[in-house]
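Just below is one structure, and these are the notes that go with it.
Computed from the coordinates by the stated procedures, all read-outs in this text should not be read as laboratory data. Worth saying up front: this structure is predicted, and the values here are computed from it rather than measured. Reconstructed Cβ throughout: ideal geometry from the backbone, glycine too, with neighbour counts over all protein chains shown.
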Amino acid sequence: MDRFDTMSVLLAIVEAGSLSAAARQLRAPLSTVSRKIAELEQHLGTRLVIRTSRGIALTDAGRAFVAASRRILGQLEEAEREAAGEYSAVRGALHVTAPIAFGQRHLLPVVLGFLAEQPEINLRVTLADRQISLAEEHVDVALRIGHLADSALIATRVGTVRRVICASPDYLSRRGVPRRPEDLVQHDGISFQGFAVAPESRYRRDSAAFAVDPRPRLAVNTTEAAIQAALAGFGIVRLLSYQVEKELRSGQLQILLPDFAPEPLPVSLVYPEAELLPLKVRCFLDWTVPRLRERMAGLHGGGP
């Protein structure tokens, strides 16, 4: 039994949510995936994975073994990187992550230019509106919006984004324009759960306007859906300025209560603290930071 291979299969099952989904991801027969897990459980003398109607669940032993597997495979990957010369040459695999809308509109054009300049780099870009663990998911560099709490990460600020409350002119013509934060309770609201912490609760600490909630008329789970609903005149929405830059410039959406806006949020590139930074990461940062700062300076209130 190849223990490293079996650990990788187990992690694939956990990340995919089921044996069949992991088999598709690994491009391996389901019977092979199932056999490897059975062999691992037999070797360890304990049950790791329980099949359920919704996919799989881990036993206590399974959760402990998965955590250990992530750590061991991470150390193995680091050793392979060093042996392959990633600390002496710009080459190898580079994993970068960012929020979906920001990544599509601003980060991706920059990193594609970097990829074109570096033929020995294999780039993986994960766009997700959730807080991704750099250590657990083997991420080299992440773009984060907001104040950083993880002291184990090094951060380089590339700009800021404003937090805005906005609505369509059609909605405002029908319902009136709120002049004070207290007026928001008389209006319909569009909310979304894009990040692990809802924007409404995350913003409240530093703005009276963001402490008052409109009546929740519609709840969606993506930023784009919230924007479409606001454009259709269904209510007031709270967003980050870059998410509605085009709509604000065209007048399709109008900013409300600008005098009560909270302080802008920092936008940073973060990476794990390390005694020796791989050259691929240093080169990526040297390429990306000035170009992102230039793009951010072109946004409303987005300078570094």
Check your understanding: Any idea what diffusion coefficient the range 1-55 gets from Stokes-Einstein, in µm²/s, Kirkwood Rh on alpha carbon pairs, 20 °C, 1.002 mPa s?
Key -> 193
**Study point:** Per residue, the convex hull volume that the Cα atoms of the range 3-92 enclose (Å³)
**Key:** 101
Review point. For the residue pair Arg282 and Ile255, what label-to-label distance in nm results when each label sits 7 Å from Cα along the Cα-to-beta-carbon direction?
Key: 4.0
Study note, to complete from the structure: To the nearest 20 debye, the range 38-175 has a Cα-centred charge dipole, built from +1 on Lys and Arg Cβ and -1 on Asp and Glu Cβ, of 960
Point to revise | Per-selection metrics, the range 26-150 (Cα): Rg and Dmax in Å | key: 18.4, 50
Point to revise | Percent of Cα pairs exceeding the 14 Å cut-off, where the set is the range 223-304 | key: 72
Practice item. Can you tell me the 0 to 90 degree angle between the C-alpha axis of helix 108-117 and the longest principal axis of the chain, rounded to 10? Key: 40
Check your understanding: In whole angstrom, and with the biggest value first, how far do the Cα coordinates of the chain range along each principal axis?
Key -> 69, 48, 31
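Calculated from DSSP H runs of 4 or more alone, at -39500 (n - 2.57) each and per residue, what is the 222 nm mean residue ellipticity of the chain, nearest 500?
Details: 10 runs with 118 residues, N = 304.
The helix-only estimate for the chain comes to -12000 deg cm²/dmol at 222 nm.
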Exercise for review: Please work out the Cα convex hull volume for the range 143-192 and give it in Å³ per residue.
Suggested key: 145
Review point. Any idea what angle helix 60-84 forms with the longest principal axis of the chain, computed on alpha-carbon atoms, 0 to 90 degrees, nearest 10?
Key: 80
Study note, to complete from the structure: Once Met1 and Gln228 are pulled to full extension, the length gained, defined as 0.36 nm per residue separation minus their Cα-Cα distance, is 76.5 nm
Exercise for review: Using the Cα centre as the reference, give the magnitude of the dipole from point charges on the C-beta atoms of the chain (Lys, Arg: +1; Asp, Glu: -1; all else neutral), rounded to the nearest 20 debye.
Suggested key: 820
**Study point:** Highest-MSF residue in the chain out of Glu77, Glu247, Glu41 [GNM, Cα springs under 10 Å]
**Key:** Glu41
**Study point:** Among beta bridges that DSSP assigns inside the chain, antiparallel share in %, nearest 5
**Key:** 60
Review point. What is the antiparallel percent of DSSP beta bridges lying wholly in the range 1-138, to the nearest 5?
Key: 35
Point to revise | Within a Gaussian network of the chain (alpha carbon springs, distance under 10 Å), most fluctuating of Leu276, Leu19, Leu107 | key: Leu276
**Study point:** Debye log10 I(q)/I(0) for the range 113-160, one point scatterer per Cα, at q = 0.16 Å⁻¹
**Key:** -0.59
Exercise for review: Assuming R0 = 45 Å, can you tell me the calculated FRET efficiency for the pair Ser31 and Glu294, based on Cβ-Cβ distance, to the nearest 0.05?
Suggested key: 0.30
Review point. If the chain between Ile50 and Ala135 were fully stretched, how many nm would it gain, using 0.36 nm times the residue separation less the Cα-Cα distance?
Key: 28.0 nm
Exercise for review: Would you work out which of Cys166, Ala149, Leu107 lies farthest towards the positive end of the dipole of the chain? Charges go on Cβ: Lys and Arg +1, Asp and Glu -1.
Suggested key: Cys166
Check your understanding: Hey, in the GNM for the chain with a 10 angstrom Cα cutoff, which one of Gln243, Gln25, Gln104 fluctuates hardest?
Key -> Gln25
Practice item. Can you tell me which of 165-172, 57-64 comes out highest on packing, and rank the rest after it, using the mean Cβ neighbours within 10 Å? Key: 165-172, 57-64
